[in-house]
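One structure is given here, and the rest of the page talks about it.
No value in this document is a laboratory result; all are computed from the given coordinates. What you are looking at is a predicted structure, and each value in this text was computed from that prediction instead of being measured. Using ideal geometry, Cβ is built from the backbone for each residue, glycine included, and neighbour counts are taken over all protein chains shown.
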Amino acid sequence: MNATGSSVYIDDIYPLKAQFLRNEEIHLAVFLGNNGLKETSADLVLKVLSLTEVVEVVTLKGISLQKGVTRIEVDLSPQDVSFCGYGVDAFISPPEEGEEINIFSSAFDVVASWRMAPRYGFVSDFDTKDLEDIRDIEFLSKLHINMVQFYDWMYRHDNLVPGKRKYRDLLNRPLDFKVIRKKIEACKQRGMRPIAYGAVYTACLKFFEEHREWALYNDAGKEISFIDIFYLMDISGGSPWADHIIEEYRKAISEAGFDGIHMDTYGFPKTAYSSSSGSKKLVVLEEEFAGFIRKTRKRLESEKDVTLIFNNVRAWPLKKTGLSPQDAVYIEVWNPYKRYSHINHLIQDAKVAGGGKPVILAAYLSPFKEEDLPVGEAETSALILTAVITSFGAYHLLLGGKEGVLTQGYYVNYRHLRKPFIRRIRTYYDFIIRYSTLFFNPEMEDVSMTHLGGDFADNVCEGFPYSPDGEPGKVWTIIRETKKIKTISFINLTGNKEDLWNKGKTEPPVVKNLIIKIRVPGEIKSLFLASPDTGMGRPRSLRYREIPDALGMMIEIIIPEVKLFSLLVLEHT
């Protein structure tokens, strides 16, 4: 990406793993271009930052560049930290005379355990033609996705691991187990955990007919099915189906090589009838799911470090399953959770129900499949929703496949993204990683509704339309803080007349000269602004002035502009 027209420029940077473990060697790929010259050389400087603190500088002198774009690998020092996101700013040094420095940025994170930051994506292309094609894994790795759901990889929902290399699934889709194994290995090489899709209660017609006593029935005594293809089975403690499907999960891990199971549900039925115990009984599903998750964990714990993700459709039955031994609280978002404010409420409820577990929302964007909608409006809706979910400290399952986006619950029918937008969404995901220490700090508390505006407020906004709750036509101002850190996310919803997250959004007009007044209980150590829309997310120091008020002293800050998403960070004693 040659921003300056110089003879040598930086074309791309990304880490070679989606995530690094503490004290693991860190490797980056850097791509340098030379504008078609046959051969030249350049000096490359990389600065590694934790927020605004430079923790490492690497200088590579005299790099030989061939015609076109040259890839080099850069090794950084291992980081002895438990959880930290880092920014990487690179530039050619010295720049040509009279030229501005062409800075290109990326990010990576270091954790003690993947459970501290489970970022979820998907793959669903497993035909023989995909044998030499791992673009989907590479795409997800560049987005720092460290958990990958292999969607509809199985032979049958009741018989997961195929007995042969080539087969067709229940919807007659051709699959190749060799392709699946290759993509599993590609994930592991890049620090990503391959997760096997496995519905908890789904069987094909043949299996159902052979085990009718294991199935679920409605109050009229008719079997319960989904689209007349998938038949629902009884997962309650006394049913043989529970043991059967957990054994299939074990095979997916021990025989296929997956690192975990995505335990899918459909959100219905809430109650059903079963005869698995020999007589008709009422099954209240929300009373059974938590025990089923515990049983699965116990059965699989001897295999290896297994990931378990359970789908709480529409947040049901979140209060029953939240504290069960799963690795994150996962919610598939459907109506009536349709407004931006509902996203916030879902995340807060999930954090409470899960006892502090990470939260993942599967919120699919139907605007990408609406043919009469300008594609830019779908893309803007994706950026805004990403900003919202991230600002409240949760993760979003949306991207995967071969540079694709989910529009519905059947992942095979994902839509491909435009090339310019891929670069933009990558910058957003780099931004999320760079400031992950702030976004995903479990001590951060959302105080927007109690600390913004009103008499004797600790935070005052002036000169622009704002809202603490995602109102349309305003800048959503989200305040989160600990005892020593305050962050304010600004999400620009101006220019849009509704707040439905699953609708296309116009690119908002830039809001300029936002005035923020903040009461600071101590001395300021650091104050900066960052945005994925400007400077690839690099932090910019801000000035402030002290102003007196009835309760003492506040500081006044002028934010030069907010395009779509900006983050103000204030550290104090």
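For the stretch 311-403, GluC sites (Glu not before Pro) meeting the loop criterion (DSSP other than H, G, I, E, B) and having at most 12 other Cβ atoms within 10 Å: GLU371.
Here the dipole of the stretch 445-572 is about 460 debye; that uses its Cα centre as origin and unit charges on the Cβ of Lys and Arg (positive) and Asp and Glu (negative). In straight-distance terms, cross-link reach from LYS338 covers every one of the lysines whose alpha-carbon lies under 17 Å from its own, apart from those fewer than eight places away in the same chain; here that gives LYS497, LYS503, LYS505.
Excluding same-chain neighbours fewer than eight residues apart, the aspartates and glutamates reachable from LYS61 by a Cα-Cα span under 20 Å are ASP11, ASP12, GLU39, ASP43, GLU73, ASP75, ASP89, GLU96, GLU97, GLU99, GLU100.
Would you mind ranking MET449, MET233, MET116 so that the residue whose beta carbon has the fewest other beta carbons within 10 Å leads the list?
Working: MET449 11, MET233 29, MET116 15.
Listed from fewest to most nearby Cβ atoms, that is MET449, MET116, MET233.
A crude spin-label estimate for the pair GLU443 and ARG545, with each label 7 Å from Cα along the Cβ direction, gives 3.4 nm. In this Cβ point-charge picture (+1 for Lys and Arg, -1 for Asp and Glu), the stretch 9-111 has a dipole of about 280 debye about its Cα centre.
If one takes the longest principal axis of the Cα atoms in the chain, at what angle in degrees, from 0 to 90 and to the nearest 10, does the Cα axis of helix 240-254 lie? Its long axis makes an angle of about 50 degrees.
With unit charges on the beta carbon (Lys/Arg positive, Asp/Glu negative), name the residue among ASN441, PRO548, GLY453 whose Cα is farthest towards the positive pole of the charge dipole of the stretch 420-550. Of the listed residues, the answer is ASN441.
Going from the residue with the fewest nearby Cβ atoms within 10 Å to the one with the most, SER279, SER64, SER106 rank SER279, SER64, SER106. Specify whether the C-alpha gyration tensor of the stretch 398-440 places it in the rounded, prolate or oblate class, a ≥ b ≥ c being the square roots of the eigenvalues: rounded for a/c under 1.5, otherwise prolate if a/b is larger than b/c and oblate if not. Judged from the Cα gyration tensor, the stretch 398-440 comes out oblate (a/c at least 1.5, b/c at or above a/b).
For ARG119, the residues 5 or more places off, or on other chains, whose built amide H falls under 5 Å of its own are ASN146, MET147.
In terms of other Cβ atoms within 10 Å, ARG519, ARG71 run from fewest to most in the order ARG71, ARG519.
Magnitude of the Cβ-charge dipole of the chain, K/R +1 and D/E -1, about the Cα centre, nearest 20 debye?
Numbers: 72 positive and 77 negative charges, 175 e Å.
Result for the chain is approximately 840 debye, rounded to the nearest 20.
Between the helical axis of 340-353 and the longest alpha-carbon principal axis of the chain there is an angle of about 70 degrees.
Note on the chain: helix-only mean residue ellipticity at 222 nm, from DSSP H runs of 4+ residues weighted -39500 (n - 2.57) and normalised by residue number, equals -6000 deg cm²/dmol. On C-alpha positions alone, give me the angle between the axis of helix 375-391 and the longest principal axis of the chain, in degrees, nearest 10. It works out to around 90 degrees.
Note on the chain: Rg/Rh from Cα positions, Kirkwood definition for Rh, rounded to two decimals, is 0.99. Dipole orientation for the chain: of the candidates ALA387, ASN311, TRP153, TRP153 has the Cα lying most toward the positive pole (charges on Cβ; Lys, Arg +1; Asp, Glu -1).
Classify the stretch 1-142: rounded, prolate or oblate, from the alpha-carbon gyration tensor (a ≥ b ≥ c, eigenvalue square roots; a/c under 1.5 rounded; otherwise prolate if a/b is larger than b/c)? Verdict is oblate for the stretch 1-142.
Judged by the gyration tensor of its Cα atoms, with axes a ≥ b ≥ c, the stretch 445-572 is prolate; a/c meets the 1.5 cut and a/b is the larger of a/b and b/c. Taking a point 7 Å from the Cα of ARG212 along the Cα-to-Cβ direction, the residues of the stretch 268-295 with backbone N closer than 15 Å to it are 274-276, 278-280.
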